[in-house]
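Data first, discussion second: the structure below is written as structure tokens.
The values are calculated or read from the model by the stated rules, or taken from the named source; none is laboratory data. Here the structure is a predicted model, which means the values were calculated and not measured. Every residue, glycine as well, gets a Cβ built from its backbone with ideal geometry; the counts of neighbours run over all protein chains shown. Accessible surface areas use protein heavy atoms only, side chains included; no ligands, DNA or RNA. Shrake-Rupley method; radii C 1.70, N 1.55, O 1.52, S 1.80 Å.
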Amino acid sequence: MSAIGPCLLPLDAAGRPLRAGILYGVDVRAAAEITELDALIGHEEIQRFSLMSLTSQAIGPKIRWLRKHEPAVWRHTNRLTTASAYLVWRLCGVHRIDRHTASHTMPLYDPRTGEWDERYAEHLAPVSMLPAPGWSDEVAGTITHVAAEATGLAAGTPVAIGAVDALSEAISVGVARPGDLMIMYGSTTFFILVQAAPTPDERMWTVAGAYPGQFNLAAGMSTTGSLTRWFQDQMAREQPQGDANALFEAAACVAPGAGGLVFLPYFSGERTPINDPLARGVIAGLSLAHSRDQVFRAILEGVACGVRHNVETLARIGAQLDRVVAVGGGAQTDTWLQIVSDVAGLRQEVPAITLGACYGDAFLAGCAAGLLRRDQIAEWVRAGHSIEPDATLRPTYDALYDDYLDLYQDSRRVVHRLAGRQGAR
């Protein structure tokens, strides 16, 4: 199985949730705790030990936030878990977590050993409260009789440790060799680059891969697909609920550059590479002459600029990048993929089967059960089509991208003040 992550869910002694889960990097409540931990431990030391810096994606600061702000919950907390690990716990009564997700429980996880480390536990929580780390296709346990009654699954069925949804999605489309990059177009946009050896950089997340000997350089934008839903709910209510096809079709007819608009898609702060929880959305260049379709096109181009920012950062780090595979709900429309390819100068492969994380979960289950080998994932993936960048649009989009980067820097001070008035959570 897989689920969203890395998240934080406190459980009592009976394994019952004590509050709603605190979400991954889109939840920026622990900004002050990041500052505190950087002061207590040292920013450079955290980067050295964890191979990445503390950001809103990290679980450690959220543990500290929970201790400080909800002491009544903390007093009853016996275990700390995350979404997929909680499902494993419910199904087989065994507390396990995949090492990819565990990597974000920093600075309690040692990426060199793949195990928990107590050295900074005094600032967070005893590691005995955390699930035991393992690889995504290891068997955690088997379905209990209680879980069998609740789910209809057969008692004794093996349960793999599993993964976060993005890692399962990467596996589902064969992103498994060093140099393979997955771009997952969902409510957020997530990037997983497979590596044989880490290339740590504080702008990105260096985490364990699904299997031994594998690392991932991961990245994520905070609001992308969710922006299209926001736009439809607020600006296009006449469209059928959840159906944005007409908006995408209209945007495809708008000239590149959206009539001179620049859009920053930072509606929930931004994760990589700027890691700014106080960033907010900005649209610049509006005039009375602009149409709704141009604004929607500007949103798609703004997200594309964010993709380019992440991919160019990967290149500057020196990471090997050989192949890009597009997946997720946003990959169902070639309009958005074409805009991303044109803005970022990327060739993107789109497999014939893009069922999502569940397809990768099925493969991990097969490996855990001994029915499949890890190297057989290539047999599961069928070639589809590719999206090639239009080189004639490069000058237009290079200028737009420069404006995108400048707009963030030039508006940052004002936007941070506005975020403070809104509340940063």
Filtering the stretch 229-255 down to residues that are basic (K, R) and not in a helix (DSSP H, G or I) yields R237
Those residues of the stretch 375-402 which are surrounded by fewer than 18 Cβ atoms within 10 Å (Cβ to Cβ) and either assigned to a helix (DSSP H, G or I) or on the phi > 0 side of the Ramachandran plot (or both) amount to D375, Q376, A378, E379, A391, T392, R394, P395, T396, D398, A399, D402
Residue count, the stretch 282-293, condition of a type in the set (A, V, I, L, M) and surrounded by fewer than 17 Cβ atoms within 10 Å (Cβ to Cβ), comes to 4
Return a yes/no flag: does the stretch 263-280 have any residue that is under 22 Å from L407 (Cα atoms), of a type in the set (S, T, Y) and in contact with a strand residue (DSSP E or B) (Cβ under 6 Å, 6 or more places away or on another chain). yes
Residue pairs qualifying under the 9 Å Cβ cut-off, at least six apart or on distinct chains, with the first in the stretch 180-197 being in a strand (DSSP E or B) and the second being among the charged types (D, E, K, R) and surrounded by fewer than 24 Cβ atoms within 10 Å (Cβ to Cβ), are D180/D322; D180/R323; L181/D322; L181/R323; I192/D180; L193/D180; V194/R177; V194/D180
Scanning the stretch 144-168 residue by residue, those charged (D, E, K, R) and modelled with pLDDT of 95 or more turn out to be E149
Per the list (1) of a type in the set (V, I, T); (2) touching a Pro at 6+ places or on another chain (Cβ under 7 Å); (3) modelled with pLDDT of 95 or more, residue check on V381 breaks on (3)
Among helices (runs of 4 or more DSSP H) entirely inside the stretch 1-87, those with 1 or more residues being open to solvent by 10 Å² or more (accessible area, probe 1.4 Å) and modelled with pLDDT under 95 are 31-41
In the stretch 257-281, anything outside any loop (DSSP other than H, G, I, E, B), open to solvent by less than 40 Å² (accessible area, probe 1.4 Å) and closer than 24 Å to Q338 by Cβ is listed as V262, F263, L264, E270
Condition set charged (D, E, K, R) and closer than 27 Å to D276 by Cβ, scope the stretch 203-256, selection most open to solvent (accessible area, probe 1.4 Å): answer is R229
For the stretch 228-243, pairs from a residue that is farther than 17 Å from Y266 by Cβ to a residue that is in a helix (DSSP H, G or I) and open to solvent by 90 Å² or more (accessible area, probe 1.4 Å), with Cβ under 8 Å and 6 or more apart or across chains, are G242/R229
The correct count of residues that are open to solvent by less than 40 Å² (accessible area, probe 1.4 Å) and either closer than 14 Å to A170 by Cβ or outside any helix (DSSP H, G or I) (or both) in the stretch 356-371 is 6
If you go through L321, L337, L314, L346, the only one that is surrounded by fewer than 24 Cβ atoms within 10 Å (Cβ to Cβ), in contact with a Lys or Arg (Cβ under 9 Å, 6 or more places away or on another chain) and not charged (D, E, K, R) is L346
